Amino acid sequence: MPIVKSEAFVLKSFRYGETSKIVILFTKNFGKINAIVKGARNFKSRICGTLETMNYIETVIYFKENRDLQIVSAAEYKKSFPVILGNIDKLELSFRIIEMINKSMIQHEKSIPVFELLKSTFEELEITEYNLLNNFLKFQINIIDLMGLSPEISLMKNKTNE
């Protein structure tokens with residue numbers, strides 16, 4: 001069982017048992033994965049608050065390809081977004097973006113361009129003052145394009161005058 005490190009965004013987390021957590025991570029190196037974090041809900045744990053939705057983290061994972069639930073042994077903040085967390089409008093857009101990634105990415109589908117788009121979108125939201133919806137629209141257009149779903153639009157000439 002190889003031990004790997006990867007940058008990741010936490011897409012979703014929920015309780016499991018008395019002290020554990022199950023998280024859905026979008027990792028740079030392995031795509032979207034499900035993982036269990038034992039002892040993460042224990043208030044004495046070093047990774048207690050690290051694995052909350054929308055956090056950008058560095059993880060250490062016991063990774064086995066044919067297993068559905070990986071094991072996270074360590075996690076630490078890679079970068080925080082305090083301005084987003086302090087602004088309800090930015091927070092709402094960020095959760096919408098995270099939800100789009102969670103619903104559109106397939107398990108174990110590696111996509112570094114999508115990961116970099118997610119990271120750059122959060123960095124832009126962190127510094128943007130106005131026109132937040134433009135950032136969201138830009139993200140939607142880019143994600144659709146990266147997934148190969150962008151529409152082909154062509155202008156048709158009016159043939160009635162010819």
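The values are calculated or read from the model by the stated rules, or taken from the named source; none is laboratory data. Values in this document were obtained by computation on a predicted structure and should not be read as measured data. Please note: Cβ atoms are built from the backbone with ideal geometry, for glycine as well, and neighbour counts cover all protein chains shown. Surface areas here come from the heavy atoms of the whole protein model, side chains and all, with no ligands, DNA or RNA. Shrake-Rupley method; radii C 1.70, N 1.55, O 1.52, S 1.80 Å.
Summary of values
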{"quantity": "The stretch 24-58 - residue that is of a type in the set (Phe, Trp, Tyr) and modelled with pLDDT of 85 or more and, of those, surrounded by the most Cβ atoms within 10 Å (Cβ to Cβ)", "calculated": "Phe26"}
{"quantity": "Filter result for the condition that a residue is part of a loop (DSSP other than H, G, I, E, B) and either surrounded by 18 or more Cβ atoms within 10 Å (Cβ to Cβ) or touching a residue at least 40 places away in the same chain (Cβ under 8 Å) (or both), over Lys90, Lys110, Lys78", "calculated": "Lys110"}
{"quantity": "Residue within the stretch 30-52 that is of a type in the set (Ser, Thr, Tyr) and out of contact with any helix residue (DSSP H, G or I) (no Cβ under 9 Å at 6 or more places or on another chain) present", "calculated": "yes"}
{"quantity": "Long-range neighbours under 7 Å by Cβ, at least six apart or interchain, first residue of a type in the set (Lys, Arg) within the stretch 18-41, second modelled with pLDDT under 90 and open to solvent by less than 10 Å² (accessible area, probe 1.4 Å)", "calculated": "Lys21/Ala40; Lys21/Leu51"}
{"quantity": "Leu133 open to solvent by 20 Å² or more (accessible area, probe 1.4 Å) and of a type outside the set (Asp, Glu)", "calculated": "yes"}
